[in-house]
1. For Met33, Met65, what ranking results if the residue with the fewest other Cβ atoms within 10 Å of its Cβ goes first?
2. Going by how many other Cβ atoms sit within 10 Å of their own, how do Thr51, Thr16, Thr57 line up, fewest first?
3. Counting every Cα pair in region 1-64, what percent are over 18 Å apart?
4. In which sequence would Asp8, Asp15 go, from the one with the fewest C-beta neighbours within 10 Å to the one with the most?
5. Mind putting a number on the dipole of the chain about its Cα centre? Charges go on the C-beta only, +1 for Lys and Arg and -1 for Asp and Glu, and I need it in Debye to the nearest 20.
6. What's the extension gain from Arg40 to Asp15 if we count 0.36 nm per residue and subtract their Cα-Cα distance?
7. Place +1 on the Cβ of every Lys and Arg and -1 on the Cβ of every Asp and Glu in the chain, take the dipole about the Cα centre, and give the residue among Leu68, Ile12, Thr58 whose Cα lies farthest towards its positive end.
Amino acid sequence: MNPKTEIDRSVIGPDTPFRLGVAAAVAFLDGIMGERCLRRAVNRGLLAVETIGNRYTTLRDIEKMRQLCREGA
């Protein structure tokens, strides 16, 4: 995601689909997780995605992933 791109957070809901790079930027504002990390989570079965030409996920799915990581720690 281009860092200069502004995101209108008023139109974002928990089930709004994002490409992985955008989802990482929205969910992890400090940049600690990026598209690459989310791809790894998908490959490990931790993050659900929809594939419609590209991979999409939601903030709800990212929250579920975070819960799984908390429980597994």
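Each value in this text was obtained by applying a stated rule to the coordinates, not by laboratory testing. Just so it is clear, the structure is predicted and the values come from calculations on it, not from any experiment. A quick note on method: Cβ atoms are made from the backbone with ideal geometry, for glycine too, and the neighbour counts reach across all protein chains shown.
1. Met33, Met65
2. On the way: Thr51 8, Thr16 14, Thr57 24.
Ascending number of Cβ neighbours within 10 Å: Thr51, Thr16, Thr57.
3. Working: 576 of 2016 pairs.
Every Cα pair in region 1-64 considered, those over 18 Å come to 29 percent.
4. Result, fewest neighbours first: Asp8, Asp15.
5. On the way: 12 positive and 9 negative charges, 59 e Å.
Using Cβ point charges on Lys, Arg, Asp and Glu, the chain gives about 280 debye.
6. On the way: separation 25, 0.36 × 25 = 9.00 nm, distance 2.10 nm.
Difference between extended and current length: 6.9 nm.
7. Of the options given, the answer is Leu68.
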